[in-house]
Protein chains: 2
Amino acid sequence: MSEDQELGITEQKEYNPGEWYAEVVEKAELASYAPEGMGGFIVTRPRGYSLWESVQDNLDRWFDETGVENAYFPLFIPEDYLEREKDVVEGFDPEVAWVTHGGHDELEERLAVRPTSESIIAPYMAQWVRSHRDLPLRLNQWCSVVRWEATETKPFFRTKEFLWQEGHTAHEDEAGAWEETLTRLDQYQRLYEDVFAMPVMRGAKPDHDKFPGADTTTTVEALMPDGKSVQGATSHNLGQSFAEAFDLTFSDEDEVERVAHTTSWGLSWRALGALIMTHSDDQGLVLPPTVAPEQVVIVPIWQEDTKESVLQYSAEIAAELEEAGVRVHLDDRDERNPGFKYNEWELKGVPLRLEIGPNEVADGEITAVHRPDGEQTTTARDTLVEDVEAHLDEVYAKLYATAEENLEENVREADSPEEIMGTIGQHGGYVRTPWCGDEACEEAIKEKVHAEIVAVPLDESAVEGDHRDNAHRAEAVHEPGDECTV
Amino acid sequence: MSEDQELGITEQKEYNPGEWYAEVVEKAELASYAPEGMGGFIVTRPRGYSLWESVQDNLDRWFDETGVENAYFPLFIPEDYLEREKDVVEGFDPEVAWVTHGGHDELEERLAVRPTSESIIAPYMAQWVRSHRDLPLRLNQWCSVVRWEATETKPFFRTKEFLWQEGHTAHEDEAGAWEETLTRLDQYQRLYEDVFAMPVMRGAKPDHDKFPGADTTTTVEALMPDGKSVQGATSHNLGQSFAEAFDLTFSDEDEVERVAHTTSWGLSWRALGALIMTHSDDQGLVLPPTVAPEQVVIVPIWQEDTKESVLQYSAEIAAELEEAGVRVHLDDRDERNPGFKYNEWELKGVPLRLEIGPNEVADGEITAVHRPDGEQTTTARDTLVEDVEAHLDEVYAKLYATAEENLEENVREADSPEEIMGTIGQHGGYVRTPWCGDEACEEAIKEKVHAEIVAVPLDESAVEGDHRDNAHRAEAVHEPGDECTV
Ligand SMILES: [Zn+2]
Ligand SMILES: [Zn+2]
């Protein structure tokens, strides 16, 4: 096998999406598998981690603008804390990794490696909140959590340890908690749409698929090109269950002691999996310019006699773009030819390639090539910066349009169980269909096709009482379906 | 006890530095102790975490400028990986927390919660490095590590879990590794001196106190007001020991396979402990403006009839400062009087207080008060922004000068074991004295006074061979002393 073939992607996205995905992640140098004995863990390489840093930069800015403060809580949680909220125990107990020894000694009480931190954060919020003046209290932490699920590793999508942010807030009343829940859902949607070039669908999870202990779990769902839905992030209105379990109360304006309402919300590196899966192709990784470590790569093309002038021109272009704030890389390696460089940077997902040869130098031009579709344009040197910025915007728009088209084409209506199963069996994607709210009806479908209820409509105006009652009676949006189609 | 007394610091720094420190950390809302059963763990509250974010912002920028890329490696390390470098096993084995169960199942091989990550990073560097063109390779990760030391908890100074960054690099030769070691030491020194307003002392650790497996451990040491030295950060030249243990080799320009040289370097949240301990006083936390969450607090002083004009003037001042990029907070709470507010913001370490009453409004002035010494100045509204910036610079300079004076006064010469012990017993601080390099000579001193060798001089030009040979024969700088004073 030649070095070129080794470098390139050999699997096809359409026919072997799983193998193709694994190959893109490895060859674009995003992540590696952890050592033997550590199935389910991955090593996040710099090119992968920089995508996570983009997530952090954006969310941290938006969180800060909306009153959230970052903090850091212990990695471990005592077993009896985890047990205080009964739904949490039931939900997470089978997946917890346990620390039993410190040094040479066995611990008196074993410690859970956090699977999520409600159980250690809520008791501190309870200490810190005394009066209504301390509310709302909004905390967030960036950390990793561990959930010991026995599934095949799929980098970013399915890993036993994953990076995420978890936000935890407390409010005076249901209205405050519900507004918070939706504010975070909005921010997650904004991350997907304005940073990842991915349209998403908003909704609520059906009751039997909520976060343990939550009143309502809201979700943004992204449709993958293979017709499967990915839960992009969730924002939970926890009602008063955690506040009651951990005595999170406050004295209101009339000095009456009341139980707070809490929320929690999280986005994990699964978002990176969805990003990679959505835009990439058989040439490798495709990234929107918003998150690409290099937005532009310059590949100079020279012969012995033109080398000096081409490299000088290229260096000037690179300097000008860098000055303008563009993340640009000049690939002036001697030991590689331009074709090799094209392949390598396509594989690594650089959104825009600038080709510069003797002709470009002579004419004061630059040839620009879009990563997603190979569209090639000639740009005048005089308008370099504005043209490059326009090209980057165009690349973003192309990626968004393709993803949007995929979503629009794959939301279908269905009016009977047969139609649901036929539609999903043939096309994947979502089916929009009425559902009564009974899990049993979903089971009947699940048994026949690999599909489940992804979301029910979110009645965002419903603040008082159980706003989800309406949703149950309204039509449901599913990756799959159910049988209550009237 | 009145609410005011509860708020304020009751211990004195000079007489009970340990209790005073714990009180400052708690009352300035920097950190809380973890739940029962989790001795040694702390909860880092937003005001504490924001200090850590300042560290991250600065170091990340400097690391990036000097070729370092961030990555993320697994939280756990298989036991057999940890065992591959023998010094590391011996050094860390007694302090490792072990995960033995995942969900309901016992693991086949127990996993160490990382105490440091050389053992999991080096094998991946070995995979990624093929040729000299892949070198230098510079990785860093921000994470927490766990070391099960059975000591009393002291927030930031002594905790079983701590936040840090750990850098790991590979180089072609000893010169590259040594230059890297010093580059990071420079950056740590810069953090202390230019961001934390703390002078530090550079040096190397004696052989018996090096990082396990290292050729040389370099350190920046900060002298606390109580006369004790804090190891502020360390940068290790690991030589070839890890590269050999993990087969980290590369083919050089002549296609000859060679073993790489590696380094590692880390700064933990102990730096925050040193920062808090150095500048704070009996009124509470003192922070340099570089890291303070609020650089300026505005306290308006009104009566019923002046309230509107004072608050409006104050709001204009706040807006103007914010516009200029100053982190400013206007404390316009109705329910607290100005005296209470002064105390609270002094306790929380805001570097500059602006007092605005009817006189200030009438005269178009502002009264500015420096946190460290209470110095009070009247400033004209016209020159608000430049004056405030000058005040913040002055506060920084005052803090640095005090810390520098403490350091200069507390480095003493000693010429005999008696003199070392007498000097340290009386003053604490450092003693500069010759030392032969033998650990036994340190032990003899250690038995008599609670003191040890903090650092030996660093011969920074010595790249080839064992540059530490000279240091052994040169005079040594100690917190304490030894007996080889000729
Ligand atoms: Zn039904
Ligand atoms: Zn000696």
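Each residue in the stretch A:192-230 was checked for being of a type in the set (A, V, I, L, M), within 30 Å of A:Q12 (Cβ to Cβ) and in contact (Cβ under 8 Å) with a residue 40 or more places away in the chain, and 8 of them qualify. Cβ-Cβ contacts under 7 Å between residues 6 or more apart (or on different chains), taken from a first residue in the stretch B:416-434 that is over 10 Å from B:A451 (Cβ atoms) to a second residue that is in a strand (DSSP E or B) and at pLDDT below 85, are listed as B:R432/B:E475; B:R432/B:V477; B:T433/B:E475; B:T433/B:A476; B:T433/B:H478; B:P434/B:E475; B:P434/B:A476.
Counting only helices (runs of 4 or more DSSP H) that sit wholly inside the stretch B:356-460, those with at least 1 residues that are under 30 Å from B:V291 (Cβ atoms) are B:358-363, B:384-409, B:417-427. Applying the set (1) at negative phi; (2) surrounded by fewer than 23 Cβ atoms within 10 Å (Cβ to Cβ) to A:L248 leaves exactly one unmet item: (2).
Annotation note: of B:A177, B:A122, the sole residue that is farther than 28 Å from A:Q56 by Cα and part of a helix (DSSP H, G or I) is B:A177. For the stretch A:51-109, a residue qualifies if it is assigned to a loop (DSSP other than H, G, I, E, B) and either more than 7 Å from every other protein chain (Cβ to nearest Cβ) or among the hydrophobic types (A, V, I, L, M, F, W, C) (or both), and the qualifying residues are A:T66, A:G67, A:V68, A:A71, A:F73, A:L75, A:E83, A:R84, A:E85, A:V96.
For B:L139, state whether it is buried (at least 20 other Cβ atoms within 10 Å of the Cβ) and assigned to a helix (DSSP H, G or I).
no
Residue pairs whose Cβ atoms lie under 6 Å apart, sitting 6 or more positions apart in sequence or on different chains, and linking a residue in the stretch A:231-255 that is closer than 22 Å to A:G203 by Cα to a partner that is of a type in the set (F, W, Y) and in a strand (DSSP E or B), are A:S235/A:W265.
I'd like to check something: does the stretch A:24-39 contain any residue that is under 27 Å from B:I42 (Cα atoms) and among the hydrophobic types (A, V, I, L, M, F, W, C)? Within the stretch A:24-39, none of the residues are under 27 Å from B:I42 (Cα atoms) and among the hydrophobic types (A, V, I, L, M, F, W, C). Filter the stretch A:112-129 down to the residues that are hydrophobic (A, V, I, L, M, F, W, C) and facing chain B (nearest Cβ under 7 Å) and list them by number. Once the filter is applied, which keeps residues that are hydrophobic (A, V, I, L, M, F, W, C) and facing chain B (nearest Cβ under 7 Å), the stretch A:112-129 yields only A:V113.
Would you check if B:R110 is within 19 Å of A:F76 (Cβ to Cβ) and touching a residue at least 24 places away in the same chain (Cβ under 8 Å)? Let's see the steps before the verdict.
Working: within 19 Å of A:F76 (Cβ to Cβ): yes; touching a residue at least 24 places away in the same chain (Cβ under 8 Å): yes.
Against the criterion (within 19 Å of A:F76 (Cβ to Cβ) and touching a residue at least 24 places away in the same chain (Cβ under 8 Å)), B:R110 qualifies.
A:A177 passes every criterion in (1) out of contact with any helix residue (DSSP H, G or I) (no Cβ under 6 Å at 6 or more places or on another chain); (2) within 24 Å of A:S268 (Cα to Cα); (3) within 11 Å of another protein chain (Cβ to nearest Cβ); (4) among the aliphatic types (A, V, I, L, M) apart from (3). Restricting attention to the stretch A:405-433, the residues that are in contact with an Asp or Glu (Cβ under 8 Å, 6 or more places away or on another chain), under 20 Å from A:E447 (Cβ atoms) and of a type outside the set (G, A, S) total 6. When you check A:A471 against the structure, is it in a helix (DSSP H, G or I), modelled with pLDDT under 95, within 15 Å of ligand 1 (Cβ to nearest atom) and touching a strand residue (DSSP E or B) at 6+ places or on another chain (Cβ under 8 Å), yes or no? Considered against the rule, which asks whether it is in a helix (DSSP H, G or I), modelled with pLDDT under 95, within 15 Å of ligand 1 (Cβ to nearest atom) and touching a strand residue (DSSP E or B) at 6+ places or on another chain (Cβ under 8 Å), A:A471 comes out as yes.
Restricted to the stretch B:24-50, and to residues that are part of a helix (DSSP H, G or I) and within 7 Å of chain A (Cβ to nearest Cβ), which residue is nearest to the chain's Cα centre (by Cα)?
B:Y49
Residue pairs whose Cβ atoms lie under 6 Å apart, separated by 6 or more positions or on different chains, with the first residue in the stretch A:322-342 and closer than 14 Å to A:I298 by Cα and the second of a type in the set (G, A, S), are A:V328/A:A318; A:L330/A:S314; A:L330/A:A318.
Restricting B:K154, B:K205, B:K160 to those that are under 17 Å from the mean Cα position of the chain (by Cα) and buried (at least 20 other Cβ atoms within 10 Å of the Cβ) reduces the list to B:K160.
What about B:E36, is it surrounded by fewer than 20 Cβ atoms within 10 Å (Cβ to Cβ) and closer than 22 Å to A:P78 by Cβ?
Spelling it out, B:E36 is indeed surrounded by fewer than 20 Cβ atoms within 10 Å (Cβ to Cβ) and closer than 22 Å to A:P78 by Cβ.
For the stretch A:191-202, the set of residues classified as within 16 Å of A:D60 (Cα to Cα) and surrounded by fewer than 20 Cβ atoms within 10 Å (Cβ to Cβ) consists of A:D194, A:V195, listed by residue number.
Working carefully through the options B:E418, B:E442, B:E409, find the one that is within 16 Å of ligand 2 (Cβ to nearest atom), more than 25 Å from B:G325 (Cα to Cα) and within 27 Å of the chain's Cα centre (by Cα).
One residue alone meets the criteria, B:E442.
If you scan the stretch B:433-452, which residues turn out to be over 14 Å from B:P206 (Cα atoms) and either within 16 Å of ligand 1 (Cβ to nearest atom) or surrounded by fewer than 20 Cβ atoms within 10 Å (Cβ to Cβ) (or both)? The answer is B:A444, B:K446, B:E447, B:K448, B:V449, B:H450. Checking B:Y188 against (1) part of a strand (DSSP E or B); (2) of a type in the set (S, T, Y); (3) within 18 Å of B:F63 (Cβ to Cβ), which test does it fail? Among (1) part of a strand (DSSP E or B); (2) of a type in the set (S, T, Y); (3) within 18 Å of B:F63 (Cβ to Cβ), the lone unmet condition for B:Y188 is (1).
The values are calculated or read from the model by the stated rules, or taken from the named source; none is laboratory data. For clarity, every value in this text was computed on a predicted model and none was experimentally measured. For neighbour counting, all protein chains shown are included, and Cβ atoms are generated from backbone atoms with ideal geometry for every residue, glycine included.
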